[in-house]
Every structure is written in C-alpha cells, then in structure tokens.
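To start, the structure itself, in structure tokens.
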Amino acid sequence: MAHEHDDDHSELSEVACRVRAIETILTEKGYVDTAALDAIIETYETKIGPRNGARVVARAWTDVAFRQRLLADATEAVTEFGFEGRKSSHLVALENTPTQHNLVVCTLCSCYPHTLLGLPPVWYKSPPYRSRAVIDPRSVMSEFGLTLPATTNIRVWDSTAELRYIVIPLRPEGTEGWSEVELATLVTRDSMIGVGLPLTPIPGGFDT
Ligand code: FE
C-alpha cells in the first residue's frame, strides 16, 4: 500500500496539541526521555535537513559523472554522501532544464525525501497545496514568487511512500568557478521541491 502512514495535517494546530499531550503523558509515565526526543529533533533539523539535498544538487552542478549517476539512479548515487536517516524508499532526481520545470507534491498525504530535505514544511502537507499543485501549478508557483516563461513546460510529480523526488534546479548564472561548498549555499529547500529557484549569487561573494 503506497500510503500506509497517516499524516493528514489538515488540522495542524490540533495535531500539534495532540502530539504535545501524548509527549507529556509518555514523559510523565517515564516511557520516553525528553533528552532523547530533543536529540531526534536536533538530528532532523541539523543533520537530516535541506543542507543534505543542497550538497547533492551542488555536486550535480559541478561533477558531470555524478550528475549522470544521480539521474540514472538517485537512490544509489546519494549513498556516496553517507547521510544519516532511513533509506527505505526509492529516490528519483528530476532535472530542470530551460524548457522543463519540475514540481513535486504528494497529493494523498506528505511523502517527502526526508533524508535530503528534512521535515516537510507545513504548506507541503496542506490540502490546498496537495490539490492545487496538480490542477494549477503555475498559480501555486506564483504564490511562492516563482513565475516561469509560458514556453517552459511544467511537469508535476506525485510522490508516494515508495517513490520520492528531488528537483535539480538550473545552476544560477554567474557561478562559474564556484566550488561545491559555495554552490550549496545557493540551493534552497523550495528550489528542490520546485516552488522556487536557487538564490541569486552576489558578485564576489566568495572571495575568501
Ligand atoms: Fe504521502
């Protein structure tokens, strides 16, 4: 079953309240250690976050052989980084080109490449995004400040628990000669979902 997890967040504040109540009860009964919980959250925020995905994108921009491996089999290619986290589902890298832009959604719930992008943003889990991204992707993207030429084809990809996507955005102009580390600073989470573009480089921003 593709979507066996229950993560409908249509009532987020209610969910947050329930999570807190459950956490309080479990802590009071001594079933969980709050320090351990904090460590898990810390891991997701700092080690399993969008910086991982940014490193993958930056390498794809600088290393042609890696880019080819990534597009051929992203699940296998990203093992080169040794990221922490579960590797349960198949990962597919979607390459943006001047004529095709890719947008990722999970229409049924909130399937997301956690190892590369961390925890999904609230809007990704919201029913309006999940339905409208498919019906009217240009309108959704414009609400994120992204307007693409009418000549650019937009392809929407629906994630499942077994198949997750990362968008490889176009490398920004003006970054010739930048290192992988420098390039990674331009790669935003939203650009790897397809609702944004990488940051625009500041000329001379990496003199050191
Ligand atoms: Fe899902």
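The values are calculated or read from the model by the stated rules, or taken from the named source; none is laboratory data. Just so you know, these numbers come straight off a predicted model, no measurement behind them. Note: ideal-geometry Cβ built from the backbone for every residue, glycine included; neighbour counts use all protein chains shown. We work out accessible area using only protein heavy atoms, side chains counted, and drop any ligands, DNA or RNA first. Shrake-Rupley method; radii C 1.70, N 1.55, O 1.52, S 1.80 Å.
Solvent exposure of the chain, expressed per residue, is 56 Å² of accessible area, with all protein chains present and a 1.4 angstrom probe. Which shape class, rounded, prolate or oblate, goes with the chain when its Cα gyration tensor gives a ≥ b ≥ c as root eigenvalues, a/c under 1.5 marks rounded, and past that a/b bigger than b/c marks prolate? Verdict is prolate for the chain. Computed with a 1.4 Å probe over protein heavy atoms only, the accessible area of Val92 comes to about 40 Å². With contacts taken as Cα pairs under 8 Å and at least 6 residues apart, the range 49-207 reaches a relative contact order of 32 percent.
Among the protein heavy atoms, those of Ser139 account for about 30 Å² of accessible surface (1.4 Å probe, every chain in place). What's the angle, to the nearest 10 degrees (0 to 90), between helix 12-28's Cα axis and the longest principal axis of the chain? Once rounded, the angle reads 50 degrees.
Solvent-accessible area of Asp158, all protein chains in place: 70 Å² (probe radius 1.4 Å, heavy atoms, ligands and nucleic acids excluded). Report, in whole Å, the centroid distance computed from the Cα atoms of the range 143-189 and the range 113-141. With the range 143-189 and the range 113-141 each reduced to a Cα centre, they are spaced 14 Å.
Counting only alpha carbon atoms, the long axis of helix 34-46 and the longest principal axis of the chain meet at about 10°. With all protein chains in place and ligands, DNA and RNA left out, the 1.4 Å accessible area ranks Ile166, Ile135, Ile22, Ile154 as Ile135, Ile22, Ile154, Ile166, largest first.
For the chain, the list of Cys residues with no other Cys C-beta under 4.7 Å reads Cys17, Cys109. The overall shape of the range 23-116 is prolate: from the C-alpha gyration tensor, with semi-axes ordered a ≥ b ≥ c, the ratio a/c is 1.5 or greater and a/b exceeds b/c.
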